[in-house]
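This report concerns only the one structure given below.
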Amino acid sequence: MREHAPWDAGLQNERTGLAWQRTMLSGLACSLLVARLLAPRSLTLAVLTGLVALLGTAVLGTVSLRRFRVTGAALHGGRPVGDGRAPLLIAALVILTAAGALAYVLIA
Amino acid sequence: MSGAPTSKPPAEDRRWPRHVYGVGTEPDPRFTFANERTFLAWIRTALGFLAAGVAVAAVARYSAQLSVEVRLASAVLVGCGLACGLSAWVRWVRNERAMRRGDPLPSSPVLLVLTGVVVAVALVALVVVSFAG
């Protein structure tokens with residue numbers, strides 16, 4: 001339970017964890033919107049997009065929970081924090097979503 | 001409050017990318033967190049642009065085939081989303097590097113371009129809404 005105790009009065013790790021959560025939920029809302037728009041054209045594609053969105057959100061949720069725990073433990077242990085892998089993953093997902101959105105806009 | 005600077009990174013520092021974590025000294029962890037939250041805010045901005053672009057195309061499709069203007073407007077919004085997503089990562093890397101090296105935080109022309117595009121799209125939307133129906 002040590003890593004769940006706040007490290008500072010500014011609750012840096014907790015606030016950053018919440019920022020991950022709302023980003024994740026924005027991504028889910030965005031993907032489900034796209035899935036809903038695809039439904040009249042192809043139900044299969046819509047269901048597939050929805051499933052991928054749910055799966056992606058589950059993966060990101062796990063990643064962000066892990067990030068929160070690892071960072072909390074690092075703070076309490078006096079070790080340096082930060083890593084670029086999770087940000088790169090989320091940036092790559094957004095760029096992939098943008099490619100899908102561009103395809104929809106140009107082909108629809 | 002134990003906000004004292006953390007100790008030097010241990011020898012087996014596995015953080016990635018190395019061209020960020022291999023330079024300079026450890027900044028105050030609070031600044032690292034702030035940089036991460038700013039990155040995430042840019043990601044949400046990117047998602048907002050993407051949703052707006054897709055929504056414009058989807059709403060226009062209810063009444064007619066997509067005209068060139070609608071397609072262009074949607075593509076511009078989605079393009080902004082793409083730019084936000086890419087620059088979110090680039091800004092995160094540049095800010096983190098600058099903080100580690102003690103350099104001033106870099107600025108980016110993306111801000112000006114995005115502001116210009118948002119204002120332009122808002123003006124077009126205002127005209128369209130004012131003269132519709």
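Taking the condition under 23 Å from residue A:16 (Cα atoms), out of contact with any strand residue (DSSP E or B) (no Cβ under 9 Å at 6 or more places or on another chain) and crowded, with 18+ Cβ neighbours inside 10 Å, does residue B:20 pass? Step through it out loud before you land on a result.
On the way: under 23 Å from residue A:16 (Cα atoms): yes; out of contact with any strand residue (DSSP E or B) (no Cβ under 9 Å at 6 or more places or on another chain): yes; crowded, with 18+ Cβ neighbours inside 10 Å: yes.
Taking the combined requirement at face value, the residue satisfies it.
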statement: All conditions in (1) in a helix (DSSP H, G or I); (2) closer than 30 Å to residue B:28 by Cα are true of residue B:130 except (2)
Odd one out for residue B:91, checked against (1) within 12 Å of the chain's Cα centre (by Cα); (2) more than 9 Å from every other protein chain (Cβ to nearest Cβ); (3) without any contact (Cβ under 8 Å) to a residue 12 or more places away in the chain: (3)
message: Give me the residue from the stretch B:43-55 that is facing chain A (nearest Cβ under 8 Å) and free of Cβ contacts under 8 Å to residues at least 40 places away in the same chain and, out of that set, nearest to residue B:15 (Cα to Cα).
response: B:44
task: Out of the residues in the stretch B:94-133 that are in contact (Cβ under 8 Å) with a residue 12 or more places away in the chain and small (Gly, Ala, Ser), state the one that is farthest from residue B:22 (Cα to Cα).
output: B:108
- prompt: Regarding residue B:44, is this residue in a helix (DSSP H, G or I), under 12 Å from the mean Cα position of the chain (by Cα), of a type in the set (Lys, Arg) and over 21 Å from residue A:102 (Cα atoms)?
  reply: no
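From the list B:107, B:63, B:74, which residue is more than 8 Å from chain A (Cβ to nearest Cβ), of a type in the set (Gly, Ala, Ser), closer than 30 Å to residue B:127 by Cα and more than 11 Å from the chain's Cα centre (by Cα)?
Numbers: B:107 fails: closer than 30 Å to residue B:127 by Cα; B:74 fails: more than 8 Å from chain A (Cβ to nearest Cβ).
B:63 is the lone residue from the list that is more than 8 Å from chain A (Cβ to nearest Cβ), of a type in the set (Gly, Ala, Ser), closer than 30 Å to residue B:127 by Cα and more than 11 Å from the chain's Cα centre (by Cα).
Just give me the residues in the stretch B:14-41 being among the hydrophobic types (A, V, I, L, M, F, W, C) and more than 9 Å from chain A (Cβ to nearest Cβ), in sequence order.
Taking the stretch B:14-41 and keeping what is among the hydrophobic types (A, V, I, L, M, F, W, C), we get B:16, B:20, B:23, B:31, B:33-34, B:39-41.
Answer for the stretch B:14-41, where residues must be among the hydrophobic types (A, V, I, L, M, F, W, C) and more than 9 Å from chain A (Cβ to nearest Cβ): B:23, B:31.
Take residue A:60 and tell me if it is among the hydrophobic types (A, V, I, L, M, F, W, C) and in contact (Cβ under 8 Å) with a residue 12 or more places away in the chain.
Details: among the hydrophobic types (A, V, I, L, M, F, W, C): yes; in contact (Cβ under 8 Å) with a residue 12 or more places away in the chain: yes.
For residue A:60, the condition - among the hydrophobic types (A, V, I, L, M, F, W, C) and in contact (Cβ under 8 Å) with a residue 12 or more places away in the chain - is met.
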- line: Given (1) more than 10 Å from chain A (Cβ to nearest Cβ); (2) surrounded by 17 or more Cβ atoms within 10 Å (Cβ to Cβ); (3) of a type outside the set (A, V, I, L, M, F, W, C), residue B:101 misses just (2)
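Bear in mind these aren't lab numbers, they're just calculated from the coordinates by the rules spelled out. Please read these numbers as outputs of a predicted model, since none were measured by experiment. Cβ coordinates were reconstructed from backbone atoms using ideal geometry, including for glycine residues, and neighbour counts include every protein chain displayed.
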